[in-house]
Amino acid sequence: MLALSFLELNSTLALNLSWTGLKQRAGLTEAKSGAGVSAEASSVKCKLQGAARLPAFSMDGDYVIGGVFSIHNYMHTVKHNYTTMPEPLRLSVCRIDSRELRFSRAMVFAIQEINNSSKLLPGITLGYQIHDSCGSVPMAVRVAFQLSNGLEPVFYTGNNCSQSGMVMGIVGESGSTPSISMSRVIGSFNIPQVSHFATCACLSNKEQYPSFFRTIPSDQFQADALAKLVKHFGWTWIGAVRSDSDYGNNGMASFLDAAQKEGICVEYSESFYRTHPRSKIQRVADVIRRSTAMVVVAFAASGDMKILLEELSREPSPPRQWIGTESWVTNPDMLRFTFCAGAIGFSIQQSVIPVAASPVLTEFWEDAFNCRLGKSEKVSTDASRTNVCDGTEDIQTLKSPYTDTSQLRITNMVYKAVYAIAHAIHNSACQKTNSTTQCDKHTRVESKQVLTQLKKVNFSQNGYDVSFDANGDPVATYELVNWQKSKIGSIEFVTVGHYDASLPVGQEFRINRNLTWVEGSTQVPVSVCTDSCPPGTRKVLQKGKPICCYDCIPCPEGEISNATDSPDCFPCPKEFWPNAERNKCFPKPVEFLSFDEVLGIILAAFSVGGACLAMITAAVFFRHRMSPIVRANNSELSFLLLFSLTLCFLCSLTFMGAPSEWSCMLRHTAFGITFVLCISCVLGKTIVVLMAFKATLPGNNVMKWFGPPQQRMTVVSFTFIQVLICTIWLLLSPPFPMENLTVYKEKIILECALGSAIGFWAVLGYIGLLAVFCFVLAVLARKLPDNFNEAKFITFSMLIFCAVWITFIPAYVSSPGKFTVAVEIFAILASSFGLILCIFAPKCFIILFQPEKNTKKHLMNKN
């Protein structure tokens, strides 16, 4: 790599930019080539009635390379009315573009370096014809025709002519639109064109542009890189501005396509061009000011971008984070727009190349120091310059893109373009024999041969690899450049990362330094239409707006989203339920009537208490089993009834705790059988009462038909029927434990499924049938003597029993979850307590507290 310090720059420019040299060249009296200097002089006349036909820089050689650069801005806009002849092309404003001037000087230097080389084109001198296109398509087309027509003033008929002046290739143009126009002209003549700055992806089409090559990557790669950059920093809501040219329109189209794939939305996309009226530029600036997008991607040519930023600088606007393309983001002229500090963008890799001087730099000297050389009034570009250059001007003090060699990026593309054409000429005109290469300058080389060889070039120059793919494009590599303020307060370009399209997907982009953002912030600015939807919500697009504008809707009940900006919520598995934030699924709590909870403890206490009460009652009856009141109430059935009541109280405990296969079968069958045993005993007692008073009638011997054996058989028979029902139920479709997921969405009810509803209701129905039958018999015995009317208490107990179980049915069906079990336990306990209190409490009271009534005489008395 060739480094160039300011000292070396001064020494390089000393011969041609010295005060004496400039004075001499301003007078145009001591130049080596009269024609060349005349061309240079004519090129600096700004307000020409016709375009300059002679090149801005020229040098004769064995083979000539053409160059086209936009050294001046801007072209006068011609309005065609198609009724009169168009007016000649002319410059409306004479402004020298020092950056383009540097490009042209880099071409001159590269050719001089090649001519001094003993390895490349030995013995052959390359010449050049460099033209100023003024950034105009018409001028670029005219230059293309001029270079295609040949440069010889006369025709040679000899066989050994050197073909001096024949254009073997053209370097340029900087813009995509002029390059497209030129390529359509010179492509027909097979003249290769190598652009250093035309990046439009459309130029990769070899069917339309067969002779076009470039040393700068296609905008397709840059568009993809920009989209990845925007996505990397989380910007989903951006603004976009572009040059209304092939470069801007095609580049922005590629970017928008890549951005859409990355999920990036564009609030606005505006186009403008340097020749548009100011009202158009103002409208674009107003759109930027009024927009809500913080980030603005500018796919614009440097000259166009300069006009837009000048318009924005006239009226303060909200801070904007600018994202730039290689066309303007590393242009030193743009650094004066300090409100763009923090801008980032991709640029060509930085390089350092020496810059050569030329006699034509008179205009540059005058423009840089705002003075005029004494003998150059006739070519001065500004009549208002009255002060004369006196030789005290110091080029080291200049801050110009021409003299700034620290950011030679595009300049290196010019350098490589010249070397690419030179290598193609070398491969066409030179032969390698043994270890030496011999070149014959008299060899007739056609531009078509150079075009063919240009497709094959592959070399390295000063560490820079040069080659072209099938589309005429080089390998795409970029530097990520950030506009940062230096310690002294000036804005400078800082390389903060790289992008290499040749690397595997996902590895192309890397950042290796801290970035500075808009207004000097170190925090990444936020540019979104809507803040990200947190987990637990989903995105719902706002009607009529881009996909980046949405509302965040909480997930429905039972569904979650565990990612940011989730488009959908998804349901939890059946056994899981979302947390309060609805961003995670947790196992549903399992619920059943437990011994540990308050309700379970209360019911268990009543169950055990009832069983104890039944056993105490049995103990009292056993203690007074010989007393009249116990003997008169059929002590055998009474003890059996108390035993069955004890089982009824205890069977309610089987309904509590976590259901299991055995507990589910036990709870319903035990309940059914014990209650039938209980009701059978009550029914037997009722029948005994009736039979006992019927037997007191003369000649009635009914008791012999319903004695103790028949009473036992009755209880056993009624109970056996229930046992049979339960057995069939258990065999065909037994109850089983089940996780009920339908009653409550947020929890699991662990319960016993009935297995067969018919079996369950058959058990209850049979109990109900016996209870009703017993109730009817008890009612029939209501007129018996009061003192021995046990049927009255049985009637009350059966009334309570029936009322409890009739109420149980709707309560059981409507109670949710574990309360279904609680209702069933309550019915069991209530009916059991009703039986024991109504049948045995009065007798126990007499036995314990009124022993005087526990006599046969009292029991036989009638009220």
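The values are calculated or read from the model by the stated rules, or taken from the named source; none is laboratory data. All figures in this text were calculated on a predicted structure; none of them were measured in a lab. Cβ: placed from backbone, ideal geometry, glycine included. Neighbour counts: every protein chain shown. Ligands, DNA and RNA are stripped out before the accessible areas are found, and what is left, the full protein with its side chains, is counted by its heavy atoms. Shrake-Rupley method; radii C 1.70, N 1.55, O 1.52, S 1.80 Å.
Here are the numbers:
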{"item": "Label point distance in nm, Y82-T125, each placed 7 Å from Cα along Cα→Cβ", "result": "5.1"}
{"item": "Relative contact order, percent, region 537-587 [alpha-carbon distance under 8 Å, six or more residues apart]", "result": "32"}
{"item": "For C549, solvent-accessible area (1.4 Å; no DNA, RNA or ligand), Å²", "result": "0"}
{"item": "Three-way shape call for region 537-587 based on the alpha-carbon gyration tensor, with the a/c threshold at 1.5", "result": "prolate"}
{"item": "For I560, distant residues with modelled amide H under 5 Å away", "result": "F570, C572"}
{"item": "FRET efficiency estimate (nearest 0.05) - Cβ-Cβ, S467 to S313, R0 56 angstrom", "result": "0.85"}
{"item": "Residue pairs, from the table K231/K539; K228/K487; K416/K448; K280/K545; K545/K584; K306/K416, whose Cα atoms sit over 23 Å apart", "result": "K228/K487; K280/K545; K545/K584; K306/K416"}
{"item": "Whole-percent carbon and sulfur share, accessible surface of region 224-312, 1.4 Å", "result": "45"}
{"item": "Global geometry of region 463-518, whether rounded, prolate or oblate, following the gyration tensor of its Cα atoms and the 1.5 cut on a/c", "result": "prolate"}
{"item": "FRET efficiency estimate (nearest 0.05) - Cβ-Cβ, F622 to M713, R0 30 angstrom", "result": "0.80"}
{"item": "Solvent exposure ordering (accessible area, 1.4 Å, most first) of M713, M738", "result": "M713, M738"}
{"item": "Distance between modelled label sites at V524 and R336, nm, 7 Å Cα→Cβ extension", "result": "3.5"}
{"item": "Residue order for H426, H668 - accessible surface, 1.4 angstrom probe, largest first", "result": "H426, H668"}
{"item": "Derived scalar couplings ³J(HN,Hα) [region 107-120; Karplus, 6.51 cos²θ - 1.76 cosθ + 1.60; whole Hz; x for Gly, Pro]", "result": "5, 4, 4, 4, 5, 5, 5, 5, 5, 8, 8, 9, 9, 9"}
{"item": "Exposure ranking of E393, E262 by accessible area [1.4 Å probe, largest first]", "result": "E262, E393"}
{"item": "Accessible area per residue, Å², region 537-587 with all protein chains present, probe 1.4 Å", "result": "64"}
{"item": "Residue-by-residue Karplus 3J(HN,Hα) for region 431-436, coefficients 6.51, -1.76, 1.60, Hz, glycine and proline x", "result": "10, 9, 10, 6, 9, 10"}
{"item": "Label-to-label distance, nm, for residues given as S486 and L848 (7 Å Cα→Cβ offset)", "result": "10.8"}
{"item": "Amide H contacts of A300 (H built 1.01 Å from N, under 5 Å, at least 5 apart or other chain)", "result": "S243, T325"}
{"item": "Within the accessible area of region 616-688 (1.4 Å probe), percent carbon and sulfur", "result": "70"}
{"item": "Signed unit charges on C-beta, dipole axis of region 537-587, positive-most listed residue I560, V540, F586", "result": "V540"}
{"item": "Sites K432 and F145, calculated FRET efficiency, Cβ-Cβ separation with R0 35 Å, nearest 0.05", "result": "0.45"}
{"item": "Per-residue ³J(HN,Hα) for region 598-610, Karplus 6.51 cos²θ - 1.76 cosθ + 1.60, θ = phi - 60°, Hz, x for Gly and Pro", "result": "4, 4, x, 5, 5, 5, 5, 5, 5, 5, 5, x, x"}
{"item": "Extension gain from L599 to Q282, taking 0.36 nm per residue of separation minus the Cα-Cα distance", "result": "106.3 nm"}
{"item": "Segments 605-613, 181-189, 739-747 sorted - mean Cβ within 10 Å per residue, highest first", "result": "181-189, 605-613, 739-747"}
{"item": "Carbon + sulfur, % of accessible area of region 522-607 - ligands and nucleic acids excluded, 1.4 Å", "result": "60"}
{"item": "Nonlocal amide H pairs with T855, under 5 Å, H built at 1.01 Å", "result": "none"}
{"item": "Accessible-area value, Y464, 1.4 Å probe, nucleic acids and ligands omitted, Å²", "result": "30"}
{"item": "Contour excess over end-to-end distance, with Cα ends at L503 and W662 and 0.36 nm allotted per residue", "result": "50.5 nm"}
